[in-house]
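Heads up: the structure comes next, in structure tokens.
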Amino acid sequence: MTETAARPAIPPGLASAGVVAIGRHVAAEAVPAVADALVAGGVHAFELTLNEPQADAFRAIEVAARIGSDIGLEVGAGTVLSIEAGRRAIDAGATFLVMPHLDDELVAWAAGRGIPAFPGCATPTEILAAWRAGAAAVKLFPAASAGPGFVREMRGPFPDIPLVPTGGVTLETAPSFIAAGAVAIGMGGWLLGNGAPAGIRDRAAAVVSAVAAAREGATR
């Protein structure tokens with residue numbers, strides 16, 4: 001496959017802080033408080049996964065998208081497994097799509113509509129294929145298995161392909177992934193915890209600070 005001419009940019013909310021929060025089974029009613037807490041802690045990208053029942057997930061995305069522009073939060077859909085799911089997520093207000101796998105057609109479909117796609121990849125072959133299909137960045141998944149060393153090694157052959165390690169990233173390992181060359185990291189269960197806003201705000205602030213320090217150290 002030849003490299004596509006269409007490549008949407010990484011959403012500014014994700015690129016700036018370098019953290020995307022991943023919410024699974026977040027009820028629509030809980031979204032406003034969670035979203036406010038994330039932004040208060042400095043996280044400006046929120047991925048809501050399309051777990052069953054999907055109707056609940058699309059409703060949560062709709063709520064998040066309605067308030068996102070007012071509070072400075074990019075809202076995306078995760079666990080997007082098909083073009084139809086991607087279409088419904090976009091209709092609900094998602095401005096980026098995240099997958100646990102690589103589907104060239106799905107990535108190219110999103111890119112052709114100006115929607116940043118982050119396919120999940122675990123090998124050099126998948127990373128290159130995702131980039132050629134039009135990915136805005138590649139989700140390194142599962143990051144805990146690959147480790148920061150994998151990110152560092154990929155900087156050699158693929159210096160222009162941005163990687164976003166996701167899956168098992170912790171507050172302690174996030175700086176290592178950034179120092180190795182990742183543009184951002186994805187965090188789910190630890191960051192959202194039990195859903196209490198104060199805890200989310202404090203954890204968000206901690207990881208954003210850790211990422212910023214790692215970025216500063218990498219430029220010295």
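Values in this text are rule-based calculations from the coordinates and carry no lab data. Only a predicted model underlies this, so the values are computations on that prediction, with no experimental measurement involved. Virtual Cβ from ideal backbone geometry, glycine too; neighbours counted across all protein chains shown.
Along the positive direction of the dipole of the range 12-219 (beta-carbon charges: Lys, Arg +1; Asp, Glu -1; about the Cα centre), which of LEU192, HIS25, MET154 reaches farthest?
Result: MET154, furthest along the dipole toward the positive end.
Taking amide hydrogens as modeled 1.01 Å from N in the peptide plane, which residues meet the under 5 Å criterion relative to VAL164, leaving out close sequence neighbours?
Counting only residues 5 or more places away or on other chains, the set is VAL138, LYS139, LEU140.
Is there a quick way to get the dipole size of the chain? I mean about its Cα centre, with the Cβ of Lys and Arg at +1 and of Asp and Glu at -1; what is the value in debye to the nearest 20? Write down the numbers at each step before the final one.
Working: 15 positive and 20 negative charges, 80 e Å.
Rounded to the nearest 20 debye, it is 380 debye.
Over the chain, what is the relative contact order in whole percent, taking alpha-carbon pairs under 8 Å and six or more residues apart?
Relative contact order of the chain: 24 percent.
Binning every alpha carbon pair distance of the chain at 10 Å from zero, what are the percents per bin?
9, 37, 38, 15, 1
Using a Gaussian network model on the chain with a 10 Å cutoff between Cα atoms, which of GLY78, GLY186, GLY112 fluctuates the most?
Result: GLY112 has the largest fluctuation of those listed.
Rank VAL169, HIS101, PHE118 by how far each Cα sits towards the positive end of the charge dipole of the chain (+1 on Lys, Arg Cβ; -1 on Asp, Glu Cβ) and give me just the farthest.
Towards the positive end, the residue furthest out is VAL169.
In the chain, which whole DSSP H runs stretch at least 15 Å along their own axis (Cα) and average -1.0 or higher on the Kyte-Doolittle scale?
The qualifying helices are 54-71, 197-219.
Mind ranking 149-156, 84-91 by how tightly packed they are, going by the mean number of other C-beta atoms within 10 angstrom, highest first?
Values: 149-156: 15.5, 84-91: 18.4.
Descending mean neighbour count gives 84-91, 149-156.
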